[in-house]
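Input: a single structure, listed below in structure tokens.
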Amino acid sequence: MRGGRKPGSCAAIRPFPLSSSSRSSNGLASSEDIVGGPPRWIGRGLSCVCIKRKGIYERDFTNLTPLQVERLKMLKHRMNIYFDPSRNDHQETLRALWNAAYPDTELIGLISEQWKQMGWQGKDPSTDFRGAGFISLENLLFFAKSFTVPFQSLLNKQGGKRAAWEYPFAVAGVNITFMIKQMLDLDSSKPRTFIKTVLLQMLAGDDRAFDLLYCVAFMIMDKQWLEKKASYMEFNEVLRSTRTQLERELLFDDVVRIEDMPSYSLLL
């Protein structure tokens, strides 16, 4: 049963206060926060130090299989690609996202007031990808194509009692990508956390593991948003609790695939 799971116990580190200067006018990490490094709010919430090792991952962190090495390399390559509005393939991916989100509405142009409807901060969505990169667009498109019903529900804010000032969907998605990147510590050359080791094991079985984790994270974030009756100024707090929930579920001993996570059911 789900209730019988025992995740690795965690010691909470006292969070640093979140500076008001790190927020944009809508309460999310602004593009200025992202340029030149991680947004200032990242890592300033509840951190987790795993004390009890997850049994199936009690092994040398450097003992990676060739498949794990290859898929980690591919994922890191994806994460190092910046969104380039001059590239045709990036333009087409952006158009594909629009078509997946609004199949019955023609897009006027890649720079258009229409993009605000999806939750971008301005008429040019390319300015919101900085920091999270092209993979954040890929994540949104994967979500839209793989889980159409929950994607549309979140996009159109159809579930639950919503706040007067809701989180902007697309920018929230970019922030979720960045949060997962930070949580997994993918920039390190060797796994230094159990969370990253868990993902490497999952990648060996499914090269979509990161994208699936993103979809689960988005659903958890929205669920917690509703449960907390949050408004846009509380987005960072909700994102921190989303990260905590992800870490907790990934460390359950019987979670060996993203599909095994309890919150994966939110996508079904």
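The values are calculated or read from the model by the stated rules, or taken from the named source; none is laboratory data. All values derive from a computational prediction rather than experimental measurement. We place every Cβ from the backbone using ideal geometry, glycine too, and count neighbours over all the protein chains shown. SASA here: full protein model, heavy atoms, side chains in, ligands and nucleic acids out. Shrake-Rupley method; radii C 1.70, N 1.55, O 1.52, S 1.80 Å.
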Against the condition within 23 Å of Leu154 (Cβ to Cβ) and either open to solvent by 10 Å² or more (accessible area, probe 1.4 Å) or basic (Lys, Arg) (or both), how does Ala101 come out, does it pass? no
Enumeration of residues in region 109-130 that are in a helix (DSSP H, G or I), open to solvent by 10 Å² or more (accessible area, probe 1.4 Å) and more than 19 Å from Arg78 (Cα to Cα): Glu113, Gln114, Lys116, Gln117
From the residues in region 75-91 that are more than 15 Å from Phe142 (Cβ to Cβ) and part of a helix (DSSP H, G or I), which one is least open to solvent (accessible area, probe 1.4 Å)? His90
Within region 96-147, the count of residues that are of a type in the set (D, E, K, R) and touching a residue at least 40 places away in the same chain (Cβ under 8 Å) comes to 4
Can you run down the residue pairs with Cβ atoms below 6 Å, 6 or more apart or on separate chains, where the first is in region 195-216 and closer than 23 Å to Leu239 by Cα and the partner is among the hydroxyl-bearing types (Ser, Thr, Tyr) and assigned to a helix (DSSP H, G or I)? Thr197/Tyr57; Val216/Ser263; Val216/Tyr264
Filter pass, Val255 being open to solvent by less than 10 Å² (accessible area, probe 1.4 Å), part of a helix (DSSP H, G or I) and touching a residue at least 24 places away in the same chain (Cβ under 8 Å): no
